[in-house]
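The numbers here are math on the coordinates, done by the rules we state, and not lab data. Given the structure is predicted, the values throughout are model-derived calculations rather than measurements. Note that each Cβ is placed from the backbone with ideal geometry, even for glycine, and that neighbours are counted across all protein chains shown.
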């Protein structure tokens, strides 16, 4: 082997090793910053797939009904609309499957502010009513201004607050 | 019927295989780097590429691909970076050990390591695959917490047994059964991590909350210190009877890290470190082998220590290797790392530093940092304390080993006989570290799937 070839191999290996390190770092980087757009788009597609009936793990135990009077029942809700916060204006189609809310990238509704927990809350359809269940979040989930303890029924057009984000269910 | 179909479609849509594809890409990259390394070794030492390449390259790559398939089948959501990093490190180790073997053959030495290393890599990776395949969730391990504790302490102390215990180079760390030697301490660290995690989940509240405050510092109750004392005694026993400073430091350090993670109280770390340092200092005066290690560490270039048996010769040769490597290294096969005793195991970092230079050794450090950071991240992502503690503990086992070994070789701390995870020659170490990798992959998968 010529000296030059060995020299090139020597420098080449160190260079390739650094490229490897930086491709790992770029994956981490895209996990932190870049995935947002792609991830949300994928989730939106996923939640738009319509399927009924199947409800995994319905929460057991007592169910509290908030604001029994005025607001219409949530069985007619077809979409979740974000009214305040970073993603204000975004809509997510509801299809009967449960919907996870939190900072985790695999949540159906990803909330990226520091007041939200990784797995903050979830919405579940039971007996034609949408229930919101707080998943032991640090800062709580508020339904119509009241902190959610046990799973509570979400009526149409009632603001639900998770971190800085507020959303409502609409027909 | 139709709802069934849409159900299935929605599931397909929901599973984003992004993780596994990223992993495959990085894995192929790691295989390519590994091929580069082995070709370079052969070109610069043998002047041509021969068929041995397929053995040294193919085994690791095949096993890596197999593990990747296992993850695709059984742990789709597992962390995508851990496997490529581990494969890259392991490959680097195999290439360097192979290179040292070629030098050894040229010197008519008979003790070779590379083939054994490749075979142990296969065994270890198959075991890691088995961990991912057959442990459905790491939470199962919680059932065996006290069993793990007993097994861990048993393994740790087993080299003291008569007949099967074996002493090599002054340290009693080996079990020898039917010609096969094994370092039980390597597996003990996994068992003890499981035990610490389970134990601390139960006791963390009483450890964190109780005690009185004196001068603004909360002093824990005396009886809460009992277990710390017990672990301290065991780790000093390892130091005194087995003559192994590294293992003893590793276990005590691991325990302190985990108790700090569980309680968030620095007092345990401070008290624990104080206790360990006191014990080690007393030992350094009282036990001759520790005294030697300390002297070699403090004055390695002193003639008396340099020429003494078990003195600083090895350490100094390693430092010369670092110096010879310089910024860009001599290239794999271009240096003389074989001059350092145990260049293939304890001093693999010095060998790699000589041949890859500062630029290359920093790649290795960065890979370890990324590996440990991913592990800590996995723990952080979990909601339950057991998973948090287990992932943190397993990552710190790797981190502490790297610190103790590389700190020893670079003369930051006294030199000890631990192995560099995934790089150094040694079957038990490879098996244990690949099992840790398997467990971390398993923990990360369960984490991401919890939500679904």
At a threshold of 8 angstrom on Cα-Cα distance, excluding pairs fewer than six apart, so keeping six or more, what relative contact order does the range B:299-452 reach in percent? 19
Just order B:387-394, B:367-374, B:425-432, B:286-293 by mean Cβ neighbour count inside 10 Å, highest at the front, would you? B:387-394, B:425-432, B:367-374, B:286-293
The protein assembly as shown: calculated mean residue ellipticity at 222 nm from DSSP helix runs of at least 4, using -39500 (n - 2.57): -20000 deg cm²/dmol
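Determine the relative contact order of the range B:2-451: mean sequence separation of Cα pairs under 8 Å and six or more apart, normalised by residue count, in whole percent.
Details: 663 pairs, mean separation 97.7, N = 450.
It rounds to 22 percent for the range B:2-451.
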Fewest Cβ neighbours within 10 Å first, please rank B:156, B:225 accordingly. B:225, B:156
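For the range B:286-377, what does the alpha-carbon gyration tensor say about shape, rounded, prolate or oblate, given a ≥ b ≥ c as the root eigenvalues, a/c under 1.5 as rounded, and a/b over b/c as prolate?
Since a/c reaches 1.5 but b/c is at least a/b, the shape of the range B:286-377 is classed as oblate.
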Counting only C-alpha contacts under 8 Å and six or more residues apart, can you give the relative contact order of the range A:81-122 as a whole percent? 29
Using a 10 Å cut-off around each Cβ, can you sort B:209, B:275 from fewest to most neighbouring Cβ atoms? B:209, B:275
Classify chain B: rounded, prolate or oblate, from the alpha-carbon gyration tensor (a ≥ b ≥ c, eigenvalue square roots; a/c under 1.5 rounded; otherwise prolate if a/b is larger than b/c)? oblate
